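Novice: Submitted below is the structure of interest, expressed as structure tokens.
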Amino acid sequence: MSRFENKVALITGSSQGIGAACALRLAKDGCDIVLNGHKFDERGEKLIAEINEMGRKAAFVVADLSQANDAIRMVEEAVNQFGRLDILVNNAGVEKNADFWEVTEEDYDLVMNTNLKGVFFGIQSFVKYCRKNSVEGVVINMSSVHEEIVFPHFAAYCASKGGLKMLTRNLATELAPFNIRVNNVAPGAVSTPINQDLLNNKEELERVISNIPLRRMGRVEDVAGVVAFLASDDAAYVTGSTYFVDGGLTYHYEEQ
Ligand code: NAI
Ligand code: BGC
């Protein structure tokens, strides 16, 4: 029997980056997959084909998760795809680089609405489904090391991930009576399109890596492996936690 026999997972923002890796890893471990993104394009088509080749079902639900109503609809449509939903991975996220005194209301809203509000109402929709159908659901939120440590020039991003930290702690307690588990995964610096500017800047990249004890950028597979663990029954007694996947970055300290 595979790890996720008869289970269905919805992974938000999964056309690329960490979300796509999570989709492939969960499918490899036996899960049927509902993908999500702003739009369905060739990346989604390719992922569906790859997942089908593994013998698993896959579908794509288009939704803009900066809109609460779209997050709610996405969960309802995901349930309708394969008749059930067991795992929700809230991965979609955005960041905007700006000096604090230059941040516009528009950028603030985009970051907070995508990274926190959409997640909040997506989970709410999933919890309503779980309670109605007696499903012991699993929620995994893609947070960041910046739920804990500072990131100057990314104030709204830090506020959103810090909010996600407390949302997870709160929901873990409130939803435990229904055996719904809620955890965060907090990646460090991972090679994905969100970090394209950094990856293109050799000097800055070396500086970032020199501050990571394991001396390399994270790979999307590093994150996906921890997501698969948290989604599985191996983590049946884990709720309200944050798992750092950061090569030691967060608690790094050395005397110079
Ligand atoms: P990415 O930019 O490659 O992927 C983000 C995905 O979210 C994209 O597919 C994007 O289209 C989607 N998305 C953004 N806004 C959306 C919306 N309103 N509706 C639907 N989809 C939307 O970046 P990456 O690195 O894969 O990021 C995934 C998550 O991991 C994010 O939440 C990010 O904050 C988090 N993270 C990433 C780290 C990194 O170093 N790459 C480190 C720590 C956290
Ligand atoms: C950000 C990345 C950054 C990483 C480590 C993530 O939350 O999205 O841009 O490289 O944290 O600082």
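Novice: Take the solvent-accessible surface of the protein heavy atoms, probe 1.4 Å, and return the percent of it on region 8-245 that carbon and sulfur atoms account for.
Specialist: Within region 8-245, the accessible surface is 50 percent carbon and sulfur.
Novice: Tell me which of Met74, Asn97, Val227 sits at the most positive position along the dipole axis of region 8-245, charges placed on C-beta atoms (Lys, Arg +1; Asp, Glu -1).
Specialist: Result: Val227.
Novice: Please calculate how many Å² of accessible area region 8-245 carries per residue, with a 1.4 Å probe and no DNA, RNA or ligand atoms counted.
Specialist: With all protein chains present, region 8-245 gives 48 Å² per residue.
Novice: What are the radius of gyration and Dmax of the chain, computed over its Cα atoms and given in Å?
Specialist: For the chain, the Cα radius of gyration and maximum Cα-Cα distance read 17.6, 57 Å.
Novice: Would you mind computing, in nm to one decimal, how far apart the modelled labels at Gln67 and Asn6 are, each placed 7 Å from Cα along Cα→Cβ?
Specialist: Placing both labels 7 Å beyond Cα along the Cβ direction yields 3.6 nm.
Novice: Also: Taking 8 Å as the Cα distance limit and 6 or more residues as the minimum spacing, I'd like the relative contact order of the chain as a percentage.
Specialist: Value for the chain: 18 percent.
Novice: Determine which residues of region 143-157 fall in the zone a paramagnetic label at Thr104 would reach in this model, i.e. backbone nitrogen under 20 Å from the point 7 Å along Cα→Cβ.
Specialist: Label zone hits: 153-157.
Novice: Continuing with the same structure: Compute the length gained on full extension between Asn170 and Ser134: take 0.36 nm times their separation in residues and subtract their Cα-Cα distance, giving the result in nm to one decimal.
Specialist: Gain in length upon complete extension: 10.9 nm.
Novice: Now for a separate question. Once you have all Cα-Cα distances for region 1-152, histogram them in 5 Å bins from zero and send the whole-percent values.
Specialist: That works out to 2, 10, 19, 22, 19, 13, 8, 4, 2, 1, 0, in percent per bin.
Novice: Shifting gears a bit: So which aspartates and glutamates can Lys117 reach, going by Cα to Cα under 15 Å and dropping same-chain residues fewer than 8 places off?
Specialist: Cross-link targets: Asp64, Asp70, Glu95, Glu106, Asp107, Asp109.
Novice: Please enumerate, by chain and number, the lysines with C-alpha under 20 Å from the C-alpha of Lys57, excluding those fewer than 8 residues away in the same chain.
Specialist: Leaving aside lysines fewer than 8 places away in the same chain, those within reach of Lys57 are Lys7, Lys28, Lys39, Lys46.
Novice: Considering only Thr242, Thr168, Thr104, give the residue with the highest GNM mean-square fluctuation for the chain, with springs between Cα atoms whenever their separation is below 10 Å.
Specialist: Looking only at Thr242, Thr168, Thr104, the largest GNM fluctuation is found for Thr104.
Novice: Something else now. Tell me, in nm to one decimal, what length is gained between Ser191 and Glu206 on full extension, where the rule is 0.36 nm per residue of separation less the Cα-Cα distance?
Specialist: 4.1 nm
Novice: For the chain, modelled as a Gaussian network with Cα springs under 10 Å, which listed residue fluctuates most, Ala71, Ala231, Ala155?
Specialist: Its mean-square fluctuation being the largest, the pick is Ala155.
Novice: Please list the non-local residues whose amide H lies under 5 Å from the amide H of Ala58, H modeled 1.01 Å from N, same-chain partners needing a gap of 5 or more.
Specialist: Result for Ala58 returns Ile33.
Novice: Starting from region 210-256, pick out the chymotrypsin sites (Phe, Trp or Tyr not before Pro) whose DSSP state is loop and whose Cβ has at most 11 other Cβ atoms within 10 Å.
Specialist: Sites meeting the loop and neighbour criteria: Tyr237, Tyr251, Tyr253.
The values are calculated or read from the model by the stated rules, or taken from the named source; none is laboratory data. Owing to the predicted nature of the structure, the values given are computational and were not obtained by experimental measurement. Neighbour counts are summed over all protein chains in view; Cβ atoms, including those assigned to glycine, are modelled from backbone coordinates with ideal geometry. For accessibility, only protein heavy atoms count, side chains too; no ligands or nucleic acids. Shrake-Rupley method; radii C 1.70, N 1.55, O 1.52, S 1.80 Å.
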